[in-house]
1. From ALA163, ALA104, grab the single residue that is closer than 25 Å to ASP61 by Cβ, without any contact (Cβ under 8 Å) to a residue 12 or more places away in the chain and small (Gly, Ala, Ser).
2. Is there a residue being within 16 Å of ALA89 (Cβ to Cβ), assigned to a helix (DSSP H, G or I) and open to solvent by less than 70 Å² (accessible area, probe 1.4 Å) anywhere in the stretch 108-116?
3. Mind listing just one residue for me: the one in the stretch 1-58 that is among the charged types (D, E, K, R), more than 26 Å from the chain's Cα centre (by Cα) and open to solvent by less than 100 Å² (accessible area, probe 1.4 Å) and, of those, farthest from ASP182 (Cα to Cα)?
4. Kindly check whether there is at least one residue in the stretch 118-128 that is free of Cβ contacts under 8 Å to residues at least 24 places away in the same chain, acidic (Asp, Glu) and open to solvent by 30 Å² or more (accessible area, probe 1.4 Å).
Amino acid sequence: QEWMTATKTQDTFFHIFNYLQQAHKQLIFTSDRAPVELRDIEDRLLTRFKWGLSAEINRPDYALRRAILLSKMHRDGIQLSEEVIDFIANNVRESVRDLEGILASLLAHATLTDREIDLALAEQVVSRIVEIQEKSIDLPDILGAVSEHCNIPEKSILSTNRAKEIMMARHIAIYLSKELTDHSLNEIGAYM
């Protein structure tokens, strides 16, 4: 945002923006905040920023992180075990760039040390880039805990039985799954 604070810079940017817009060019801007949150920007620029589509891009969830990893592995011809893929997808949560960096680092470490990419190497590389999360909670863990707490067999919770106590246990499991994991409602529903 600091580059836009100088009046002359904003004036120049305004004219460039108008020129490109009148030439029917597509303009794409990225920012860490919405146009209404920008400070020290002339109103004439803010109104132009608001002309187009404004979209918020959130951090990728577990399923998307995993899909990105698989896509990049396929593209680069990298083979990783399911265990390593799950470990990376569970711990590298912030951005796609972090995922790309992890894969590049893993490949470099494996090549330089003539080592296979295993869970130990993944833990070593990932721990240098991001803070490793404690053991993550997954759907089977939640189902087991709800089953034990409600004293209802897991098989009954996963059944189509509509008895009041079984439905309550199922709803609790679904709620906890949504709150404690990165799984989408569709994934949770398919599991349940």
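1. Values: ALA163 fails: closer than 25 Å to ASP61 by Cβ.
The unique qualifying residue is ALA104.
2. no
3. Per the criteria, the residue is ASP11.
4. no
One line per residue, one yes/no per condition, for (1) basic (Lys, Arg); (2) in contact with a helix residue (DSSP H, G or I) (Cβ under 6 Å, 6 or more places away or on another chain); (3) farther than 21 Å from HIS183 by Cβ:
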| residue | (1), (2), (3) |
| --- | --- |
| LYS72 | yes, yes, yes |
| ILE78 | no, no, yes |
| GLU83 | no, yes, no |
| PHE87 | no, yes, no |
| ASP98 | no, no, no |
| GLY101 | no, no, yes |
| GLU116 | no, no, yes |
| LEU143 | no, yes, no |
| MET168 | no, no, no |
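The values are calculated or read from the model by the stated rules, or taken from the named source; none is laboratory data. These numbers come from a predicted model, not from an experiment. Because the Cβ atoms are built from the backbone with ideal geometry, glycine has one as well, and the counts that use them run over all protein chains shown. Just so you know, the surface numbers come from the protein's heavy atoms only, side chains and all, with ligands and any DNA or RNA stripped out. Shrake-Rupley method; radii C 1.70, N 1.55, O 1.52, S 1.80 Å.
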